[in-house]
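The values are calculated or read from the model by the stated rules, or taken from the named source; none is laboratory data. Quantities reported herein were computed from a predicted structural model and do not represent experimental measurements. FYI the Cβ positions are ideal-geometry reconstructions off the backbone, even for glycines, and counts take in every protein chain you see.
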Amino acid sequence: AQSVTQLDSHVSVSEGTPVLLRCNYSSSYSPSLFWYVQHPNKGLQLLLKYTSAATLVKGINGFEAEFKKSETSFHLTKPSAHMSDAAEYFCVVNVNTGNQFYFGTGTSLTVIP
Amino acid sequence: DTGVSQDPRHKITKRGQNVTFRCDPISEHNRLYWYRQTLGQGPEFLTYFQNEAQLEKSRLLSDRFSAERPKGSFSTLEIQRTEQGDSAMYLCASSLETSMGETQYFGPGTRLLVL
């Protein structure tokens, strides 16, 4: 079975400080992993994806994520938070042999000025 | 703008009425997905199409829900005899299956409120 766990439902950081949003997954097969961002009243936007190439993935807006198979993790990071980063973030797993995408419950990021 | 559009963006209806939503995917994408998202939750899979064939349906998709994708282009999701519990954001995503896997691109969603 496949599943995704986002360990923090809420994260607050000060503007200019690092961001860490945690995601653990379980999958019987080699997964594809994604991070999406959702701003209020907006659709889901793809930040980055891992599909079995480099384990450190760079995305848009300065975000990165590292795939760690031994820890079954795919944490999202950014060196310096910006006010515009305040949004809901979703970690998603897809098993290449299947067609379902499994979403975590989301992490709400607040950026304090 | 991802290239996936949904119409309408908002719908208010009375309990018992039927509603229909439309999704226009990115034109070369062969897969189309429908999700439902309630407040404070991640999107939940409802159904998906490969071209015009509906290949999988979630148990969340009761008999009151039906989806079509004629000619493998746009898709419609109809809810008959709406209930207050149907109030949610309905999201559509499209993707292109490749040897490297697939990536979903989401539309802006249709927010449904059933009174």
Which one of these is farther than 17 Å from B:Gln104 by Cα, in contact (Cβ under 8 Å) with a residue 40 or more places away in the chain and in contact with a strand residue (DSSP E or B) (Cβ under 6 Å, 6 or more places away or on another chain): A:Phe74, A:Phe67, A:Phe90?
A:Phe74
If you go through segment A:38-48 one residue at a time, do you hit one that is of a type in the set (Lys, Arg), part of a loop (DSSP other than H, G, I, E, B) and either within 14 Å of chain B (Cβ to nearest Cβ) or crowded, with 18+ Cβ neighbours inside 10 Å (or both)?
yes
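Of the residues in segment A:21-46, how many are of a type in the set (A, V, I, L, M, F, W, C) and over 17 Å from A:Thr105 (Cβ atoms)?
In the first step, residues of segment A:21-46 are kept if they are of a type in the set (A, V, I, L, M, F, W, C); the result is A:21, A:23, A:33-35, A:37, A:44, A:46.
Filter once more, keeping what is over 17 Å from A:Thr105 (Cβ atoms): A:46.
So the count comes out to 1.
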Every listed condition ((1) farther than 26 Å from A:Ala87 by Cβ; (2) in contact with a strand residue (DSSP E or B) (Cβ under 9 Å, 6 or more places away or on another chain)) holds for B:Ala88 save (1)
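For the condition touching an Asp or Glu at 6+ places or on another chain (Cβ under 6 Å) and either more than 18 Å from A:Pro18 (Cβ to Cβ) or of a type in the set (D, E, K, R) (or both), what is the one hit in A:Lys68, A:Lys78, A:Lys58? Lay out the reasoning, then the answer.
Details: A:Lys68 fails: touching an Asp or Glu at 6+ places or on another chain (Cβ under 6 Å); A:Lys78 fails: touching an Asp or Glu at 6+ places or on another chain (Cβ under 6 Å).
After applying the criteria, what remains is A:Lys58.
Which ones in segment B:65-97 are of a type in the set (D, E, K, R) and under 14 Å from the mean Cα position of the chain (by Cα)? Can you show your working first?
Start the filter on segment B:65-97 by keeping residues that are of a type in the set (D, E, K, R), which leaves B:68-69, B:71, B:78, B:81, B:83, B:86, B:97.
Once the filter is applied, which keeps residues that are of a type in the set (D, E, K, R) and under 14 Å from the mean Cα position of the chain (by Cα), segment B:65-97 yields B:Glu68, B:Arg69, B:Glu78, B:Asp86.
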Quick one: how many residues across segment A:101-113 are within 8 Å of chain B (Cβ to nearest Cβ), surrounded by 20 or more Cβ atoms within 10 Å (Cβ to Cβ) and at pLDDT 90 or above?
3
Looking at segment B:1-16, which of the residues that are away from chain A (no Cβ under 14 Å) and either among the charged types (D, E, K, R) or surrounded by 14 or more Cβ atoms within 10 Å (Cβ to Cβ) (or both) is farthest from B:Gly85 (Cα to Cα)?
B:Lys11
With respect to the numbered conditions (1) within 18 Å of B:Arg111 (Cα to Cα); (2) among the acidic types (Asp, Glu); (3) surrounded by fewer than 16 Cβ atoms within 10 Å (Cβ to Cβ), which one is the sole condition not fulfilled by B:Asp86?
(3)
Provide a single number: the residues in segment B:48-105 that are without any contact (Cβ under 8 Å) to a residue 40 or more places away in the chain and not hydroxyl-bearing (Ser, Thr, Tyr).
23
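Only residues that are of a type in the set (S, T, N, Q) and surrounded by 20 or more Cβ atoms within 10 Å (Cβ to Cβ): list them for segment B:33-67, please.
Taking segment B:33-67 as the starting set, the residues that turn out to be of a type in the set (S, T, N, Q) are B:37-38, B:41, B:47, B:50-51, B:54, B:58, B:62, B:66.
Hits for segment B:33-67 are B:Gln37, B:Thr47.
State all residues of segment B:42-68 that are away from chain A (no Cβ under 14 Å) and over 10 Å from B:Arg31 (Cα atoms); if no residue qualifies, say none. Give the derivation first.
Step one: filter segment B:42-68 for residues away from chain A (no Cβ under 14 Å), giving B:52, B:62-68.
Within segment B:42-68, B:Ser62, B:Asp63, B:Arg64, B:Phe65, B:Ser66, B:Ala67, B:Glu68 qualify.
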Reported set for segment B:72-115 where residues are within 17 Å of B:Ser5 (Cβ to Cβ), within 14 Å of chain A (Cβ to nearest Cβ) and assigned to a strand (DSSP E or B) is B:Met89, B:Tyr90, B:Leu91, B:Cys92, B:Ala93, B:Ser94, B:Ser95, B:Tyr105, B:Phe106, B:Thr110, B:Arg111
